[in-house]
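Undergrad: The structure is given below, and queries will be raised subsequently.
The values are calculated or read from the model by the stated rules, or taken from the named source; none is laboratory data. None of the values given here were measured: they were computed from a predicted structure. Positions of Cβ are generated from backbone atoms using ideal geometry, with glycine treated the same way; all protein chains shown enter the neighbour counts. Protein only, heavy atoms only, side chains kept; ligands, DNA and RNA dropped before computing areas. Shrake-Rupley method; radii C 1.70, N 1.55, O 1.52, S 1.80 Å.
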Amino acid sequence: MTYLLALSIGIFSVAFFSELPDLRDYLIVLASINGFWIIFLWVKPFSVLRIKQTILMFLLYFWGVAWGIFQAVNIDDTQLKVALHGADFLVSGLVLEVIEDDERRTSFNFLVHNAFLVSDSKQKVELKKIRLNYYLSNSEDPSINIAAGSYWQFKVRLSRPRGLLNTNGFDYHSWLLQHGYSALGYVRRGADTQQLHNYKASVSEKLLVQINNVRLVIRTAIDESNMSPLGKGILMALAVGNKQSIDPWWDDLARLGIVHLLVISGLHIGLVGGLGFMLGALIVRPLIVIPANGLAYTVFRSLSLWLPITISILFAVIYSLLAGFTLPTQRALVALLVLMVGKLMFRQINPWAIFCWAILCIAISQPLAILSSGFWLSFSAVAALIGWFYPRYSAPKSNFLKRLLFAQIALICLMCVPLFIFMGQISWLGPIVNLFAVPWVSMTTVPLTLLGVFFYYSFPELSAMMWLMADWTTFPIGWLLQVVPNNLGFVRIPLPLDWPILASILIACLSVFLPGSFFYKFIAVLPLALISLFPAVKTDIRLTILDVGQGLAVIFEANERLLVYDVGPKHSDHFDTGTSVVLPFMRHMGYSKADRVIISHEDNDHSGGFLPLASQISIGQVSMGPGYLRHLQRRGVSLPNIKKFTACHAGQHWQWEGRQTGVSTNTATVKFDVLWPPFAGPKEGNNSSCVVQIRWQDKTILLTGDIGINVERSLLDDDKLRPAGVTVLVAPHHGSKSSSSRDFVQRIMPKHVVFSSGFRHHYGHPHPVIVKRYQKINSHLWRTSSQGAVSFVWSADGELKAFGVRDQMFPRCFTCQAWWR
């Protein structure tokens with residue numbers, strides 16, 4: 001097993017390389033090392049077996065690295081090159097799947113057959129799968145109907161796969177790479193857009209289209225059936241892997257700790273595979289009366305061995321395809337195949353061996369899977385269950401219910417570190433709810449849902465009845481969502497999730513369930529107890545400008561309080577930077593509420609994520625630009641989680657008093673002043689942005705929103721800005737040419753300037769003229785588009801440490817400098 005792990009670690013390690021070595025040179029060096037060790041062992045053989053095993057493990061590790069480099073080179077070759085980012089292409093191919101279709105746009109996956117540059121029609125570009133958006137036209141401009149399985153030629157503008165670069169939160173970039181996307185883009189209108197009727201598809205393309213069409217038909221049938229909304233969502237998630245169907249209840253289901261039961265995962269693949277094996281065994285059981293000799297008995301023996309295994313694998317593969325053949329289903333399918341191979345070899349394979357073989361198979365086929373949180377969570381859960389049940393608790397126990405309860409508690413304890421790292425929280429209700437939910441959903445909801453799928457094409461009435469019965473089985477889940485209060489379920493650590501805290505949690509949890517005396521368990525739990533009882537007082541002051549693409553989101557921390565200035569955009573009902581970027585960062589830093597939130601003005605790139613964020617956390621007070629406040633009032637939006645909200649106007653002032661710590665260190669008193677807009681000033685638009693000045697000691701931070709040159713001139717005339725004393729300036733309007741006037745820049749003389757903008761966005765922020773203007777006064781320039789989130793940390797004695805996420809090294813950011821960024 002150690003050899004399998006060594007090979008797997010070698011493959012996975014390539015995902016964290018900053019640069020890919022030349023594969024040919026690497027193989028030459030590796031072959032030379034192997035030849036050297038073979039000659040050395042032949043000339044002077046080692047008598048110690050452990051040394052030979054260690055050498056072999058290292059060699060396997062380096063051979064794993066070779067395979068990882070080979071796969072990485074193939075992945076990188078299919079990615080759109082940086083030099084072609086934002087270029088126009090003429091592409092032809094197959095519409096694989098329609099992801100989203102509404103009145104605004106159609107989003108779909110497109111399998112590229114040919115791709116040529118529009119500017120140079122002779123230059124062919126290698127692309128595999130791309131995600132495109134087709135934005136719907138006005139009524140006078142006829143739109144096209146894009147359906148899965150159709151063949152098209154499009155003129156598209158493509159961008160290289162890229163995500164937001166922050167210390168935590170969902171990594172969209174790695175997700176795109178893991179799912180094989182070569183580029184993202186949108187369809188440009190014109191005569192080049194046309195459907196192709198003479199396109200010759202391959203067998204694999206036809207199979208993919210057919211599978212996606214079946215999934216779409218089943219999803220539509222469930223959606224149009226007469227069931228409860230929650231039941232529809234759960235059935236679509238279980239039948240075709242449509243996670244978006246349960247988005248409205250996702251947070252509540254996560255509080256109960258049962259999300260893994262309601263989306264297709266390894267548990268469901270294993271369950272379907274087990275049902276298939278039982279069905280195969282039942283089919284061959286009547287043949288057991290055949291006499292134990294002759295050809296008939298030989299056939300029976302072969303059938304009794306092969307048929308259950310074949311049906312089991314067939315059921316699992318079909319269900320995985322219905323689920324979209326996602327990475328979690330592939331991992332479960334690999335584990336099932338390893339188990340079935342063991343049965344064919346008449347061997348009872350050690351569970352840890354199956355575990356290691358599954359990791360190796362995933363590493364060989366998906367070398368970037370290690371970047372996925374699902375990989376760590378699923379394999380951590382399996383490892384915890386194997387460690388609990390095998391071999392220490394493999395003997396039968398009289399109290400089966402008690403055994404399952406302790407298994408659930410062990411699972412949540414051993415899973416708490418990966419859950420805190422990737423999710424920022426754990427559900428303490430999970431062990432209790434899962435004790436009943438796992439058998440209930442596994443034995444009622446899942447089988448009835450799959451029976452409905454099985455009978456859909458042949459007996460649609462029977463299928464509808466099965467789905468209706470499956471809907472009834474979801475009523476207990478709906479009842480739990482109603483009776484369990486919204487503030488119950490999650491456990492969050494009110495401290496920054498640094499490595500010492502995570503290590504102390506892991507040691508404490510392991511000590512509780514590993515054998516040993518009470519004294520050693522007490523010693524193991526002691527670090528976590530001391531950290532919890534005597535938490536370190538935060539004396540640092542921190543300013544973080546998060547990477548939200550073309551937008552702005554700022555977090556200011558001082559005196560154990562937190563201020564949020566703008567929250568970035570909302571791109572769709574399924575993604576906004578308020579809950580996807582700001583909220584994970586807050587939880588990572590140990591905050592469950594915001595003392596104050598300021599929304600500078602109504603533009604989506606500043607305010608879009610506010611309402612989703614406000615529904616997730618408690619907020620002490622909200623100050624809004626006048627345009628955004630009027631926008632909320634017109635919509636009649638209620639904000640139950642907010643104690644107080646007001647319009648932002650010049651003259652408002654508050655301060656956060658410093659606190660006396662146990663080591664006689666006073667944290668600084670921080671003063672906040674709103675400089676703009678005046679009470680009778682602009683009521684909407686960029687020039688109504690709320691301008692905030694933050695001061696303590698001799699430090700000044702200036703947050704300017706999207707103000708333009710006229711507002712800058714007014715601020716200078718009113719003499720509200722500290723001359724030549726701004727420590728950090730968040731550049732007005734992302735560094736556009738309509739702001740950062742020469743007088744404004746020379747007056748405040750900022751030491752550090754941060755441009756929060758999108759990577760090569762079509763707005764062109766920051767403008768080169770503005771960049772040169774700040775460079776002339778020797779300001780240190782920072783860009784979220786290239787450096788990711790930018791942080792400024794002042795210690796208690798005033799010393800400043802500034803860094804971008806991309807500049808951080810291990811262990812703070814594992815992949816910020818990886819070759820695929």
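Undergrad: What is the residue count in segment 260-280 for residues that are open to solvent by 10 Å² or more (accessible area, probe 1.4 Å), part of a helix (DSSP H, G or I) and closer than 22 Å to Ile426 by Cα?
TA: So the answer is 3.
Undergrad: Right, something else. Return the total of residues in segment 600-624 being under 26 Å from the mean Cα position of the chain (by Cα), among the aliphatic types (A, V, I, L, M) and open to solvent by less than 30 Å² (accessible area, probe 1.4 Å).
TA: Summing the residues that are under 26 Å from the mean Cα position of the chain (by Cα), among the aliphatic types (A, V, I, L, M) and open to solvent by less than 30 Å² (accessible area, probe 1.4 Å) in segment 600-624 gives 4.
Undergrad: Assuming Asn559 fulfils every condition listed in (1) open to solvent by less than 30 Å² (accessible area, probe 1.4 Å); (2) at pLDDT 90 or above apart from one, which condition is it?
TA: Going through the list (1) open to solvent by less than 30 Å² (accessible area, probe 1.4 Å); (2) at pLDDT 90 or above, Asn559 breaks only (2).
Undergrad: Also, quick follow-up: Within the bounds of segment 244-256, is there any residue that is in a helix (DSSP H, G or I), under 16 Å from Ile222 (Cβ atoms) and more than 19 Å from the chain's Cα centre (by Cα)?
TA: The answer is no; no qualifying residue exists.
Undergrad: Run down His765, His780 and say which single residue is within 33 Å of the chain's Cα centre (by Cα) and open to solvent by 60 Å² or more (accessible area, probe 1.4 Å).
TA: Values: His765 fails: open to solvent by 60 Å² or more (accessible area, probe 1.4 Å).
Exactly one residue qualifies, and that residue is His780.
Undergrad: Tell me, yes or no, whether segment 43-57 has at least one residue that is within 34 Å of the chain's Cα centre (by Cα) and surrounded by fewer than 18 Cβ atoms within 10 Å (Cβ to Cβ). Before you say what the answer is, go through the steps one by one.
TA: Quick first cut of segment 43-57, residues within 34 Å of the chain's Cα centre (by Cα) only: 57.
Narrowing further to those that are surrounded by fewer than 18 Cβ atoms within 10 Å (Cβ to Cβ): 57.
Yes - at least one qualifying residue is present in segment 43-57.
Undergrad: Would you confirm, using the coordinates I've provided, whether Ile51 is aliphatic (A, V, I, L, M), part of a helix (DSSP H, G or I) and free of Cβ contacts under 8 Å to residues at least 12 places away in the same chain? Before the answer, list the steps.
TA: On the way: aliphatic (A, V, I, L, M): yes; part of a helix (DSSP H, G or I): yes; free of Cβ contacts under 8 Å to residues at least 12 places away in the same chain: yes.
In short, yes.
Undergrad: Could you please tell me which pairs satisfy a Cβ distance under 9 Å, a separation of 6+ or placement on different chains, a first residue in segment 380-401 that is modelled with pLDDT under 65 and assigned to a loop (DSSP other than H, G, I, E, B), and a second residue that is among the small types (Gly, Ala, Ser) and surrounded by 14 or more Cβ atoms within 10 Å (Cβ to Cβ)?
TA: If the second residue must be among the small types (Gly, Ala, Ser) and surrounded by 14 or more Cβ atoms within 10 Å (Cβ to Cβ), the pairs left are Tyr393/Ala407.
Undergrad: Open to solvent by less than 30 Å² (accessible area, probe 1.4 Å) and in a helix (DSSP H, G or I): does that describe Ile507?
TA: Values: open to solvent by less than 30 Å² (accessible area, probe 1.4 Å): no; in a helix (DSSP H, G or I): yes.
Considered against the rule, which asks whether it is open to solvent by less than 30 Å² (accessible area, probe 1.4 Å) and in a helix (DSSP H, G or I), Ile507 comes out as no.
Undergrad: Take Lys129 and tell me if it is touching a Lys or Arg at 6+ places or on another chain (Cβ under 9 Å), among the charged types (D, E, K, R) and over 19 Å from Arg821 (Cβ atoms). Spell out the reasoning first.
TA: Working: touching a Lys or Arg at 6+ places or on another chain (Cβ under 9 Å): no; among the charged types (D, E, K, R): yes; over 19 Å from Arg821 (Cβ atoms): yes.
No, not satisfied.
Undergrad: In segment 704-821, which strands (runs of 3 or more DSSP E) lie fully inside it and hold 3 or more residues that are closer than 30 Å to His649 by Cβ? Steps first, answer last, please.
TA: Numbers: elements: 728-730, 752-755, 780-783, 790-794, 800-804.
Once the strands (runs of 3 or more DSSP E) in segment 704-821 are filtered for at least 3 residues that are closer than 30 Å to His649 by Cβ, what remains is 728-730, 752-755, 790-794.
Undergrad: Please work out which residue is least open to solvent (accessible area, probe 1.4 Å), limiting yourself to segment 712-739 and to residues that are over 36 Å from the mean Cα position of the chain (by Cα) and at positive phi.
TA: Ala724
Undergrad: Name every residue in segment 262-278 that is over 25 Å from Val217 (Cβ atoms) and among the hydrophobic types (A, V, I, L, M, F, W, C), in order of residue number. First the steps, then the outcome.
TA: Of the residues in segment 262-278, the ones over 25 Å from Val217 (Cβ atoms) are 266-267, 270, 274, 277-278.
Leu267, Phe277, Met278 - these are the residues of segment 262-278 that are over 25 Å from Val217 (Cβ atoms) and among the hydrophobic types (A, V, I, L, M, F, W, C).
Undergrad: So which residues in segment 448-467 are part of a helix (DSSP H, G or I) and buried (at least 17 other Cβ atoms within 10 Å of the Cβ)?
TA: Step one: of segment 448-467, the residues part of a helix (DSSP H, G or I) are 448-455, 460-467.
The answer is Leu448, Thr449, Leu450, Leu451, Gly452, Val453, Phe455, Ser463, Ala464, Met466, Trp467.
Undergrad: Just checking, which of Gly590, Gly549 is at pLDDT 90 or above and open to solvent by less than 50 Å² (accessible area, probe 1.4 Å)?
TA: When all the criteria are applied, what remains is Gly549.
Undergrad: Quick one: count up the residues across segment 429-461 that are of a type in the set (A, V, I, L, M, F, W, C) and under 16 Å from Ala381 (Cα atoms).
TA: Pass one, segment 429-461, residues of a type in the set (A, V, I, L, M, F, W, C): 429, 432-433, 435-438, 440-441, 443, 446, 448, 450-451, 453-455, 459.
Next, only the ones that are under 16 Å from Ala381 (Cα atoms) stay: 435, 438.
Adding up the residues that qualify gives 2.
Undergrad: Right, something else. For Lys737, indicate whether it is closer than 24 Å to Gly568 by Cα, in contact with a His (Cβ under 8 Å, 6 or more places away or on another chain) and among the charged types (D, E, K, R). Step through it out loud before you land on a result.
TA: Numbers: closer than 24 Å to Gly568 by Cα: yes; in contact with a His (Cβ under 8 Å, 6 or more places away or on another chain): yes; among the charged types (D, E, K, R): yes.
Yes: the conditions hold for Lys737.
Undergrad: Name the residues in segment 94-128 that are in contact with a strand residue (DSSP E or B) (Cβ under 8 Å, 6 or more places away or on another chain) and assigned to a loop (DSSP other than H, G, I, E, B), would you?
TA: Quick first cut of segment 94-128, residues in contact with a strand residue (DSSP E or B) (Cβ under 8 Å, 6 or more places away or on another chain) only: 94-101, 104-119, 121-128.
Across segment 94-128, the qualifying residues are Arg104, Val118, Ser119, Ser121, Lys122, Gln123, Val125, Glu126, Leu127, Lys128.
Undergrad: How about segment 176-203: which of its residues are open to solvent by 70 Å² or more (accessible area, probe 1.4 Å) and in contact (Cβ under 8 Å) with a residue 60 or more places away in the chain?
TA: Result: Arg188, single match.
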